[in-house]
Amino acid sequence: MNNPMVIYVVIGVAFMVNLIIMLAFRIIDKKDRSLKNINIQIKRFRTDVSTTVTRITATAKDCEANIQSRVDQANSANSKLAESLDMLMVHQKELTDLEQICKNYKIALEKLKVQTEQAEARIFAVHKEVDRAESIRSFTVE
């Protein structure tokens, strides 16, 4: 291995192998960059983009339909709630009116109770007077 010629031959062979590898990569690189390949890649890219846009559009339409459905449901629930609140307000007014009527009846019944008690007291006083008058009459008659 001390022979300088062997070293030069090994270096030359390594250089040639390196040169062949570089030329092979250069040829492959030229194939990749050829106009035909670029057009094919552009078509693939456009197809992929078109497919992606179509998929995103379909997803967006589905989302829009879903959101619209939810909005319609919310509006329906809101209108039912407003209708229920209106009915509650009507019933509240009716109950307030009924409460006032019940208060009036209570007052009338309390007045009637007082008048009934007064009438019973008068009747009792009249009975007492009648009994007293009868006892006086029976005493005078005898």
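Picking from N37, N18, which residue would you name as being touching a helix residue (DSSP H, G or I) at 6+ places or on another chain (Cβ under 9 Å), part of a helix (DSSP H, G or I) and without any contact (Cβ under 8 Å) to a residue 40 or more places away in the chain?
It is N37.
Can you name every residue in region 1-15 that is loosely packed, with under 10 Cβ neighbours inside 10 Å and assigned to a helix (DSSP H, G or I)?
P4, M5, listed by residue number.
Considering every residue within region 20-30, establish whether at least one is within 41 Å of the chain's Cα centre (by Cα) and modelled with pLDDT of 90 or more.
No - not one qualifying residue is present in region 20-30.
Determine, yes or no, whether S50 is modelled with pLDDT of 95 or more, out of contact with any Ser or Thr (no Cβ under 9 Å at 6 or more places or on another chain) and assigned to a helix (DSSP H, G or I).
no
Looking at this structure, is I67 of a type in the set (A, V, I, L, M, F, W, C) and more than 34 Å from the chain's Cα centre (by Cα)?
Here the answer is no, as I67 does not meet what is asked.
The values are calculated or read from the model by the stated rules, or taken from the named source; none is laboratory data. Predicted model only: the values in this text are computed from it and were never measured. Ideal geometry is used to build each Cβ from the backbone, glycine not excepted, and the neighbour counts take in all protein chains shown.
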